[in-house]
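Worksheet for the structure shown next.
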């Protein structure tokens, strides 16, 4: 017995030695590795600064005819980056009334001017949330030793929201020009002098465009298998082609598709997906369908400092497809009024207003609309839009009045209902839901209303879906299930009774 | 209790009517700018005055070159006065404002000119050294600023002065875009140039620029040696002539010169030196056998010398070899040089040992006191017949079928 005890004791002792030694080794190791860590040498060169797109206003250099030393592209790019970063840190500083980052982009005496303004603003509890949307710099001078540049930044479009005690006082859009002197210090091009030489309030002249389609009789389109995720690996041109043929055969003449903002790469557009979008337009053209392209799907930031990125996103997409025959209308954003509550109506509206101007500046030849989620919001920004569109999921009986009321408010612009429909879901989560016959009845009735008032329409949607991403209606099963059954064709490919009323004309294709 | 209700209802009625009154006032509010001056000088006290009827609770959005603020008015009878803080009134440039009225905001701008009194001259000079000859130049950039750190108005005259050798030059330049600059070219002589500037009676400090000689032109070389024997011990020194640029300036000290030596067999060696006062020198050990060297020097990529030829005479005519009894110890020497003196220590001797026509080993030894000794170890060279060959100072001696 005592022998066993002794062995246990021995074992315990041995184990404790092992543990102590392990601990000692660990401590030494930790101390050693701590003493061996330090500043990474690469940090000296600023090479580790990751290039994240955070500020991308439109910048157009005037032809280079500067005095002094001829400039090379690399230096010009370095100057451009640091100069724009200078603006960016300034915007952040005025937004937060802090001085982070100012030191890097303004020389010692220049930064004092910013600090003074920040001091006044924080004392008065004023914040300035601003951004610049366009720059047109002219390089005036580059010194022989490559340490000093002078540029005139012409017609800088500045947008500012001024808050006092967290209440929005005003929105300002200005067009200003600046003379800027920059010095190369510590590897940064820093602002030494900045003198505003011109400034005037800026308003965009908006020309309205007629829609270049006849009457929109269309449908919102997603392939059955990949709703809200048709681009990328899931992209299947064969399915889309046959769907388009089907849509065309029913007598519809247009479709509405969505370009998700993040999925398309935000400011840095995924070229592969862009190519797929072009393919989709090609297929639509083949099927003789016009396309309403809805930009900024699932975008929800709207913050003023994010505007330049959205601008860059829109620019790339618009310029890739603006000359496409199948393109009919730009829908800036799907149901942005749903973000009014969380992001603030002023902010969302300001972004929309800017984006309308921007889209029109990039493509003056196509009509622009916003797909409001209800008729009440449809008057917002109506003077800027070429086409007023809203979504109608409310009571059918009220449609007649709603439309008439809206028509009195919007006299001179076409009005299109770009989403409407009825879910034919009735089941566990909604036992008193509508049947497929109810759905057919709904579409039959609504088509009569459309004919009566000559309303252009786009229905929701061609197919019933199997899976709805949670971003669309959330995770709640009664919402998910309802959303699955808005189609004219059910999950097995069988046409529902409503298919007969997909448009005013009777579908020419026979039911199979 | 009834009084309390009466009281409350009275107060609320009062509040209601006053709100109504304010509202009506607001909608009727008018504001007119009284300040007529549109141009100010930085540092002046600037106020924007408005005549108004109605609401005095308005803010003024104010924006200058660096940022924007909100201003609150000082109300004086029927006048609103917005005092610009120094932050705004001290900076030159366009200052724009907008009166935040509820109805129709009015806006405008004033121009703030920099002072015409100078406080500082910021000078940027570069590059700090230039090449003589008149094509290269340095650039002086001058930013004159007032005491509020505003660049002075354009078309301010700046005098740029520079001195070189015996001459002093003065020229006037007008500022444009807030700065003035001048390119100052070198002359044909090297030297140091002193540069300064002045503006509105303020003088800058002195800057200097080194005018360096231009690139070297072709030069000559020469050699120096104490004798012409190939003794493998003495040193030959190569020297360049004074290397100059095309304007007769002696090239900068430290100009790197490489001497390339090609011997009879075509092998190349090089040695190098840097110039002091235009001359560079470099050394090379004499060969230890009769040879002819062709030497040419280069300042790489810029200039080169002529070629000189040097002959080295054979210093050692012959040497003696003695084998020990067992043939395992080979003793050379004493090896004698050109005056029959023993050769200096360190002459290289190469022994090649062959067995059955195959090279087995090639030990190398240096002479000491004119002698050298090789020992062929038993363990390394077992019994047998070997051929040996000894080579030094270009002389080869062979011994066939040596029994070990």
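Read-outs: derived from the displayed coordinates by stated rules, not from any lab. On a predicted model such as this, the values are computed, not experimentally measured, just so you know. Note that we place each Cβ from the backbone using ideal geometry, even for glycine, and neighbour counts take in every protein chain shown.
Measure off 7 Å from each Cα along the Cα-to-Cβ vector at residue B:311 and residue B:263, then give the distance between these two points in nanometres to one decimal.
Output for this residue pair reads 1.8 nm.
Which FRET efficiency value, to the nearest 0.05, is calculated for residue B:37 and residue B:154 with the Förster distance at 30 angstrom and r the Cβ-Cβ distance?
0.90
With the contact rule set at Cα under 8 Å and sequence spacing of 6 or more, what percent relative contact order holds for chain B?
8 percent.
Take peptide A:109-118, look around each residue's Cβ out to 10 angstrom, count Cβ atoms belonging to other protein chains, and average those counts.
Mean partner-chain Cβ count within 10 Å for A:109-118: 5.
If R0 is 22 Å, what FRET efficiency do you get for residue A:238 and residue A:262 from their C-beta distance, rounded to 0.05?
According to the calculation, E is roughly 0.25.
Taking beta carbons within 10 Å but only from partner chains, what does the mean come to for residues B:79-88?
Mean partner shielding for this stretch: 2.
Report the full-extension gain for the segment residue A:200 to residue A:5: residue separation times 0.36 nm, less the Cα-Cα distance, to one decimal in nm.
Between residue A:200 and residue A:5, full extension yields an extra 60.8 nm.
What does the average come to when, for each residue of peptide A:120-128, you count the partner chain Cβ atoms lying within 10 Å of its Cβ?
Per residue, the number of nearby Cβ atoms from other chains is 4 on average.
Starting with the fewest neighbours, write out B:399, B:66 ranked by other beta-carbon atoms found within 10 Å of each beta-carbon.
Ranked by crowding around the Cβ, least crowded first: B:399, B:66.
Would you calculate the separation in nanometres between label points at residue A:374 and residue A:52, each defined as 7 Å from the Cα along the Cα-to-beta-carbon direction?
Label-label distance for residue A:374 and residue A:52, simple model: 3.7 nm.
Using only alpha carbon positions, build the gyration tensor of region B:120-212, then give the equivalent ellipsoid semi-axes as the square roots of 5 times its eigenvalues, largest first, whole angstrom.
Each semi-axis is the square root of five times an eigenvalue, giving 25, 12, 11 Å.
Provide the gained length on full extension for the span residue A:404 to residue A:492, in nm with one decimal, where the gain is 0.36 nm per separating residue minus the Cα-Cα distance.
27.8 nm
Can you tell me the relative contact order of region B:28-113? Whole percent, Cα pairs under 8 Å, sequence separation 6 or more.
Here the relative contact order equals 32 percent.
Extension gain residue B:228-residue B:322, at 0.36 nm per residue separation less the Cα-Cα distance, in nm?
30.8 nm
In 20 Å bins starting at zero, report the fraction of Cα pairs in the protein assembly as shown per bin as a rounded %.
Whole-percent P(r) values from 0 Å outward: 10, 24, 23, 20, 15, 7, 1, 0.
Using alpha carbon coordinates only, what is the Rg to Rh ratio of chain A, with Rh defined as the Kirkwood radius?
When Rh is taken as the Kirkwood radius, the ratio is 1.12.
Quick check on chain A: helices-only [θ] at 222 nm, where DSSP H runs of length 4 and up contribute -39,500 (n - 2.57) each and the sum goes over total residues. Nearest 500, please.
My calculation for chain A gives -12000 deg cm²/dmol from helical runs alone.
Let me know the shape class of chain B, please: from the alpha-carbon gyration tensor, a ≥ b ≥ c as square roots of the eigenvalues, rounded when a/c is under 1.5, otherwise prolate if a/b is greater than b/c, or oblate.
prolate
Specify whether the C-alpha gyration tensor of region A:111-182 places it in the rounded, prolate or oblate class, a ≥ b ≥ c being the square roots of the eigenvalues: rounded for a/c under 1.5, otherwise prolate if a/b is larger than b/c and oblate if not.
It comes out oblate by the Cα gyration axes.
Could you line up A:313, A:453, A:136 from fewest to most neighbouring Cβ atoms inside 10 Å?
A:453, A:136, A:313
Within region B:291-328, what residues put their amide N at less than 17 Å from the label point 7 Å along the Cα-to-Cβ vector of residue B:272?
Flagged as within label range: B:296-305.
Highest GNM mean-square fluctuation, chain B, Cα pairs closer than 10 Å: which of B:55, B:231, B:306?
Checking each option, the largest mean-square fluctuation is seen for B:55.
From a point 7 Å beyond the Cα of residue B:380 in the direction of its Cβ, which residues of region B:341-364 have a backbone N at a distance under 15 Å?
The answer is B:349-355, B:359-364, whose backbone nitrogens lie closer than 15 Å to the label point.
For residue B:341, project a label point 7 Å along Cα to C-beta. Then give me every residue of region B:306-324 with its amide nitrogen under 14 Å of that point.
B:315-316
Identify which of B:76, B:96, B:203 has the largest mean-square fluctuation in a Gaussian network model of chain B, with springs joining Cα atoms closer than 10 Å.
Between B:76, B:96, B:203, it is B:76 that shows the largest mean-square fluctuation.
Describe numerically, in nm with one decimal, the distance between label points set 7 Å from Cα along Cα→Cβ at residue B:358 and at residue B:241.
Placing both labels 7 Å along Cα→Cβ, they lie 6.0 nm apart.
Just want the ordering: B:371, B:88, B:193, from fewest to most Cβ atoms lying within 10 Å of their own Cβ.
B:371, B:193, B:88
Given a Förster distance of 56 Å, report the FRET efficiency between residue B:208 and residue B:292 from their Cβ-Cβ distance, rounded to the nearest 0.05.
0.65
Starting from the exponent 0.38 and prefactor 2.2 Å, build the expected Rg for region A:58-201 from its residue count and divide its actual Cα Rg by it.
This ratio for region A:58-201 stands at 1.07.
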